[in-house]
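So the structure is just underneath, and the comments pick up after that.
The values are calculated or read from the model by the stated rules, or taken from the named source; none is laboratory data. This is a predicted model, so every value here is computed, not measured. Using ideal geometry, Cβ is built from the backbone for each residue, glycine included, and neighbour counts are taken over all protein chains shown.
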Ligand code: NAD
């Protein structure tokens, strides 16, 4: 069954970017979240991202109009029933994702592939929660989705070869570079990235240097395009904390313990760019 209609659940940082990329490549997209306000914020995010691409002459005004025209917004998951693929990009939480996948399993046709954009959670566990484990797979886009080339593709133990092949080919159609990774906490990207971000937060916590100076060390000294604290703000500090907890639980290794400062920031609601304040402030 050819993939023509794609459901995207979660219209936050990642979901709206994923919806934009599918729509820009000609797919009909249904973007779902729990409230009209959340869906509205997602659509506004897509509009301003397209506006920036237009200003940089990366797309035309006609591209912007046609991309927006292919995205329908909804708060009713039943409207995703006809999609050949649903990508979930909801909060990084095992219970939230499991319940959502079980609902999608009920409402979607038996052939629909259910992909998760999880950053760290076991695909094997998520697949096992559904009645179609062979059609569950990890499709881990990077932030910001329209600009980042990589998609990590994670096969659950149960994922069928056919499902993997279709998602791999689909990533290529989206202009992305797919990399196949075994199902393991944090996969490759966050297994490597999160300890670095966590260590940068410890350095700040211990007063080694200011946030700006820690980021400058990594930008000018290691040639990173963005410092780890600014990157944590971009990812979302709640998401960083959840990923570190999955790494710590999954490996049982204290080296992944989240820095107490990260927990405090999350407790305070300083989640990074999405709330206007994290290690830096955003207008
Ligand atoms: P976010 O907090 O920005 O957005 C999450 C969205 O999910 C919110 O709009 C929320 O209302 C919605 N949501 C929660 N429960 C829902 C439900 N049951 N049904 C429908 N919508 C629901 O989070 P995010 O940063 O976009 O992360 C989403 C997923 O993408 C997570 O699994 C995260 O680990 C992963 N991810 C994040 C990044 C990043 O840089 N932020 C990068 C790659 C992958």
Inset, instruction - Quickly run through segment 38-47 and pick out the residues that are touching a residue at least 12 places away in the same chain (Cβ under 8 Å) and either surrounded by fewer than 24 Cβ atoms within 10 Å (Cβ to Cβ) or within 8 Å of the ligand (Cβ to nearest atom) (or both). - result: 38, 39, 40, 41, 42, 43, 45, 47
Legend entry - Any chance residue 145 is over 22 Å from residue 19 (Cβ atoms) and either at pLDDT 95 or above or part of a loop (DSSP other than H, G, I, E, B) (or both): no
Legend entry - Residue, nearest to the ligand (Cβ to nearest atom), within segment 75-94, restricted to residues that are over 20 Å from residue 141 (Cβ atoms) and assigned to a loop (DSSP other than H, G, I, E, B): 75
Legend entry - Subset of segment 151-183 that is touching a helix residue (DSSP H, G or I) at 6+ places or on another chain (Cβ under 7 Å) and touching a residue at least 40 places away in the same chain (Cβ under 8 Å) - its residue that is surrounded by the most Cβ atoms within 10 Å (Cβ to Cβ): 163
Inset, instruction - Would you point out the residue of segment 48-64, among those that are closer than 19 Å to residue 12 by Cα and away from the ligand (no atom under 16 Å from the Cβ), that is surrounded by the most Cβ atoms within 10 Å (Cβ to Cβ)? - result: 50
Inset, instruction - Kindly indicate whether residue 126 is assigned to a helix (DSSP H, G or I), within 18 Å of the chain's Cα centre (by Cα) and within 16 Å of the ligand (Cβ to nearest atom). - result: yes
Inset, instruction - Determine the pairs where a residue that is in contact (Cβ under 8 Å) with a residue 60 or more places away in the chain, located within segment 225-244, has a partner that is more than 10 Å from the ligand (Cβ to nearest atom) and in a helix (DSSP H, G or I) with Cβ atoms under 6 Å apart, the partner being 6 or more residues away or on another chain. - result: 238/266; 243/194
Inset, instruction - Taking residue 212 as the residue in question, decide whether it is farther than 21 Å from residue 120 by Cβ and surrounded by fewer than 21 Cβ atoms within 10 Å (Cβ to Cβ). - result: yes
Inset, instruction - Answer yes or no: is there a residue in segment 124-137 that is closer than 17 Å to residue 78 by Cα and surrounded by fewer than 23 Cβ atoms within 10 Å (Cβ to Cβ). - result: yes
Legend entry - Top-ranked residue in segment 16-37 [being within 13 Å of residue 75 (Cβ to Cβ) and under 16 Å from the mean Cα position of the chain (by Cα); ranked as surrounded by the fewest Cβ atoms within 10 Å (Cβ to Cβ)]: 33
